[in-house]
Amino acid sequence: MKIKAGVIGATGYAGVELVRLLLKHPNVEIAAVSSVSFEGKQLDEVYPALRKICGLECGDADEVVSACDVVFAALPHGLSQDIAYRCVNLGKKFIDLGADFRLENPEEYEKWYACEYRYPELHEKAVYGIPELFRDEIKGKSLVANPGCYPTSAALGLAPALRAGIIEPEGIVIDSKSGVTGAGRKPTQGTHFPECNEAFSAYKVAEHRHTPEIEQTLSRISGDKASVTFVPHLLPVNRGILSTMYAKLNKEITAAQVREMYREAYDGEYFVRVLPEGAGADIKNVKCSNYCDIQVYVDEHTKTLIVTSAIDNMVKGASGQAVQNMNLLFGFEETAGIDMIPLTF
């Protein structure tokens, strides 16, 4: 028997990616979708790629909540809390792809997002959903905070080194590049084609909202206070994130030893691929998939560990990870619906 799933915000990039993945999930039926911008229109009108595949009509959020066992919200921050409250009280599962439940500290949320926690008890129930790192905490829960795309690439890239205690948790530098879909579907000056095509620039330097989420996650992994300098960049491509991370080593260790440590840490993890020596992490090799590719280097001159990680920001960085979390909530095979082979070109 299939569960009924719904997507609120189904016409945004993350929302329609969820629809694409859920349509092929063996244990799921999409029962309802919603969109404020395109209410009353069919999904295949908004996205012609879905013709003869999904002609669901976009309703409102109430219809999605009423019709579904699990509700995904692909909404801007500040819009998920009331919906989550209703879902949890009705005994439904709720997976938030926005930022409303990611930060544990309400003061941090107010500082970075100019919003407040309206249901403190609900936030205490929320679990942070990177399955490879927090799988046991996610299973069987009702409310999942799906991580941000940059924090996912950083956490997966640094977790084994932090857990082994071979790097200092303070002073980590994270240099990340993202495809334009990370900015969302609504056009802006910076994502207008003539502005971003054949261009490459940093943005929101020292003020990106993913900074506290990254520090919170890395602190949790290491057991000590982590601090990062995080600089995101906009790549003139549709999809992908490449993060390059620099951390000070606190012991003598070779790149081969670190690589073996990473292989052991991610042994059995279907979606994390620790690359062999000489192979570089490349967004091309994870495109349209739920994989995270990781490579490690040691700069002996400066005693620095350098880690590169590549993900598809729309899949492992958003909708694919959300489906992975849903699989854990319902006890499905964790790879169900998201075991896509990456595009080769």
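The values are calculated or read from the model by the stated rules, or taken from the named source; none is laboratory data. The structure presented is a predicted model; accordingly, all values stated were derived computationally and were not measured. Neighbour counts run over all protein chains shown; Cβ positions are idealised from the backbone, glycine included.
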Could you give me the residue pairs with C-beta distances under 8 Å whose first residue belongs to segment 13-37 and is surrounded by 20 or more Cβ atoms within 10 Å (Cβ to Cβ), whose second residue is of a type in the set (F, W, Y) wherever it lies, and which are 6+ apart or on separate chains?
G15/F72; V16/Y47; L18/F72
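For every residue, the table says whether it meets (1) in contact (Cβ under 8 Å) with a residue 24 or more places away in the chain; (2) in a helix (DSSP H, G or I); (3) not assigned by TED's automatic domain parsing to the domain that holds G165.
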site	(1), (2), (3)
S309	yes, no, no
Q324	yes, yes, yes
L328	yes, yes, yes
E334	yes, no, yes
G337	yes, no, yes
R135: passes all of (1) among the charged types (D, E, K, R); (2) assigned to a loop (DSSP other than H, G, I, E, B); (3) surrounded by fewer than 21 Cβ atoms within 10 Å (Cβ to Cβ); (4) in contact (Cβ under 8 Å) with a residue 24 or more places away in the chain but (2)
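Only one of P187, P169 is in a loop (DSSP other than H, G, I, E, B), more than 15 Å from the chain's Cα centre (by Cα) and without any contact (Cβ under 8 Å) to a residue 40 or more places away in the chain. Can you tell me which? Talk me through it step by step, then tell me what you get.
Values: P169 fails: without any contact (Cβ under 8 Å) to a residue 40 or more places away in the chain.
On inspection, the qualifying residue turns out to be P187.
Could you list, in sequence order, the residues of segment 76-116 that are aliphatic (A, V, I, L, M) and touching a helix residue (DSSP H, G or I) at 6+ places or on another chain (Cβ under 8 Å)? Steps first, please.
Taking segment 76-116 and keeping what is aliphatic (A, V, I, L, M), we get 79, 83-84, 88, 90, 95, 97, 99, 103, 114.
Correct list: I83, A84, V88, L90, I95, L97, A99, L103.
Name the one entry in S37, S80, S66 that is small (G, A, S), under 18 Å from G184 (Cα atoms) and over 23 Å from the mean Cα position of the chain (by Cα).
Numbers: S80 fails: over 23 Å from the mean Cα position of the chain (by Cα); S66 fails: under 18 Å from G184 (Cα atoms).
So the residue among S37, S80, S66 that is small (G, A, S), under 18 Å from G184 (Cα atoms) and over 23 Å from the mean Cα position of the chain (by Cα) is S37.
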Among Y85, Y109, the single one that is assigned to a helix (DSSP H, G or I), touching a His at 6+ places or on another chain (Cβ under 9 Å) and closer than 24 Å to G15 by Cα is Y109
Which of (1) surrounded by 20 or more Cβ atoms within 10 Å (Cβ to Cβ); (2) touching a Phe, Trp or Tyr at 6+ places or on another chain (Cβ under 9 Å); (3) over 17 Å from G157 (Cβ atoms); (4) not aromatic (F, W, Y) does L329 not meet, given it meets every other one?
(2)
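I'd like the full set of residues that are of a type in the set (A, V, I, L, M, F, W, C) and within 20 Å of H210 (Cβ to Cβ), limited to segment 139-160. Please lay out each step first, then the result.
So in segment 139-160, the residues of a type in the set (A, V, I, L, M, F, W, C) come out as 143-145, 149, 154-156, 158-159.
Within segment 139-160, V144, A145, C149, A154, A155, L156, L158, A159 meet the criteria.
If you scan segment 147-166, which residues turn out to be assigned to a loop (DSSP other than H, G, I, E, B) and farther than 17 Å from D224 by Cα?
Keep residues of segment 147-166 that are assigned to a loop (DSSP other than H, G, I, E, B), which gives 147-148, 165-166.
Selection gives P147, G148.
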What number goes with the only condition from (1) part of a loop (DSSP other than H, G, I, E, B); (2) out of contact with any Ser or Thr (no Cβ under 8 Å at 6 or more places or on another chain); (3) within 20 Å of F230 (Cβ to Cβ) that L305 does not pass?
(1)
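Could you run through segment 217-227 and say how many residues are crowded, with 19+ Cβ neighbours inside 10 Å and either not assigned by TED's automatic domain parsing to the domain that holds M245 or not aliphatic (A, V, I, L, M) (or both)?
Our first condition is that a residue be crowded, with 19+ Cβ neighbours inside 10 Å; within segment 217-227, this holds for 217-218, 221-222, 226.
Applying the additional criterion that residues be either not assigned by TED's automatic domain parsing to the domain that holds M245 or not aliphatic (A, V, I, L, M) (or both) yields 217, 222.
The total comes to 2.
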Exactly one condition in (1) assigned to a loop (DSSP other than H, G, I, E, B); (2) at pLDDT 95 or above; (3) of a type in the set (G, A, S) is not met by S66; state its number.
(1)
